[in-house]
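Notes to accompany the following structure.
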Amino acid sequence: MNQQTKFDLPVCLTVEEDALYHSDEIIKTYIPEISGQKTLIVSEQFLIDIYREKVEDLSTDFGDAEIYAMGSASFDEAVAIAKKICIEDIKVIIGFGGGRVLDTAKYAAHVSKAAYICIPSSLSNDSLASPFAVLETEGKARKTLECKIPAAIIVDPCMIKAAPVSQTLSGIGDTIAKHTALYDWKLAAKKTGSRVDDFAYALSRMSYDSVYHCDEKDLNSRVFIRILSRALVMGGLAMEIAGSSRPCSGSEHLFAHAIEEYYPEVKISHGLAVALGSIGACIFQGQSEKGIMDFFKIYSLDPNPASYGITKDMFADMWEKARTVRTGRITVLDDVHPDRAKLDSIYDIMQG
């Protein structure tokens, strides 16, 4: 921990082909003090089945570590895993999977004080290195909880290429949304007289810029996977440094939360939801939405709400609900109150 600024950083970020097969060597190099310690691997059953050889090899490398198939990405599940870690004197927890797994394992590590190693099976959002976990509480409700960031992040491009392209597009969407999040952060700081942390702001901006201005357009190339991995990690570290999610979450995230909480039947990933929200947020902020719309076309992201089953009535209601889902989060939505005609015009713009 930095004694002046009081934040933690991962000891290593490794992005290498077949890194999963020598992850134990990576840990021995960077964090020798946890090498050989009793370890638990947390994943989901369908991922264990798909990557059985890799998961079993990972288990062998970490001293025949137990493989735990979690049942849900919930607070209760995370606490149950933490209880198991404490009772069985487990010192290291490896999260192997997507955002659901990583958030559950991350919070379990936080509660139990075990060392946490993050091995993503996809690059769907910036939960890789963020100091927060989004977990189910009761029913469809979810809560964002503070927790520890990983000691190590190991990304295997071979696995990322094998993941559904929708997962990578979601990660791109979560990164692009930082453009409007940063605007809202500055707006909130001005209103409250608080300070925007320059370093956190710069990291989040670099995360956005590295993807937005990336010359490589092939989502399966090693170059792009490396850039997106680092961009998502930078976003997480920006939140750790700022001590909040403000560098990465603004009005566009409120829009996404409104979908998740009030329209669970809409099948859209978190990353794509915030990307859609960033278009409306740009317009509310007085920024041009053209750059983001053009970016959508480059990577074949679909900005049309109708493609996700979102009607004009739903779209307008989502933006109204966005004002209420996170009370106390100051964004441009506190200053603008678009009428139905304006919201319909934004919907039409997004239809192209």
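A few points about this structure:
- Each peptide among 166-173, 278-285, 47-54 gets the average number of other Cβ atoms lying within 10 Å of its residues, and from highest to lowest they stand as 278-285, 166-173, 47-54.
- GLU53 versus SER166: modelled label distance in nm, points set 7 Å from Cα along the beta carbon direction: 2.7
- The peptide list 286-297, 148-159, 229-240, 307-318, put in order of mean Cβ contacts within 10 Å with the highest first, becomes 229-240, 148-159, 307-318, 286-297.
- With the Kirkwood sum run over all distinct C-alpha pairs, the range 88-236 has a hydrodynamic radius of 16.2 Å.
- Hull volume in cubic angstrom per residue (convex hull over the Cα atoms of the range 155-249): 83
- Relative contact order %, the range 90-146, counting alpha carbon pairs below 8 Å whose residues are six or more apart: 33
- Calculated over the range 232-352: convex hull of Cα atoms, volume per residue (Å³): 112
- Residue pairs, from the table LYS143/LYS321; LYS54/LYS91; LYS148/LYS297, whose Cα atoms sit over 25 Å apart: LYS148/LYS297
- Here the spin labels are modelled as points 7 Å beyond Cα on the Cα-Cβ line, and at ASP209 and CYS86 they lie 4.5 nm apart.
- Of all aspartates and glutamates in the structure, the ones whose alpha carbon falls short of 20 Å from that of LYS191, not counting any fewer than 8 places away in one chain, are GLU252, ASP334, ASP335.
- Spin-label model distance (nm) - ARG323 vs VAL266, 7 Å beyond Cα toward Cβ: 1.7
- Fraction of alpha-carbon pairs over 31 Å apart in the chain - percent: 32
- Fully extending the segment from GLU17 to ALA202 would add 63.7 nm, taking 0.36 nm per residue of separation and subtracting the current Cα-Cα distance.
- Rounded accessible area per residue of the chain, 1.4 Å, Å²: 42
- This model, with +1 at the C-beta of Lys and Arg and -1 at the C-beta of Asp and Glu, gives the chain a dipole about its Cα centre of some 1020 debye.
- As a length-normalised measure over Cα pairs under 8 Å and 6 or more apart, the relative contact order of the range 101-237 settles at 29 percent.
- P(r) tail fraction, the range 19-117 - alpha-carbon pairs more than 17 Å apart, %: 45
The values are calculated or read from the model by the stated rules, or taken from the named source; none is laboratory data. Since the structure is predicted, the reported quantities are computational estimates derived from the model, not experimental observations. For neighbour counting, all protein chains shown are included, and Cβ atoms are generated from backbone atoms with ideal geometry for every residue, glycine included. What goes into the accessible areas is simple: the full protein's heavy atoms, side chains included, and nothing from ligands, DNA or RNA. Shrake-Rupley method; radii C 1.70, N 1.55, O 1.52, S 1.80 Å.
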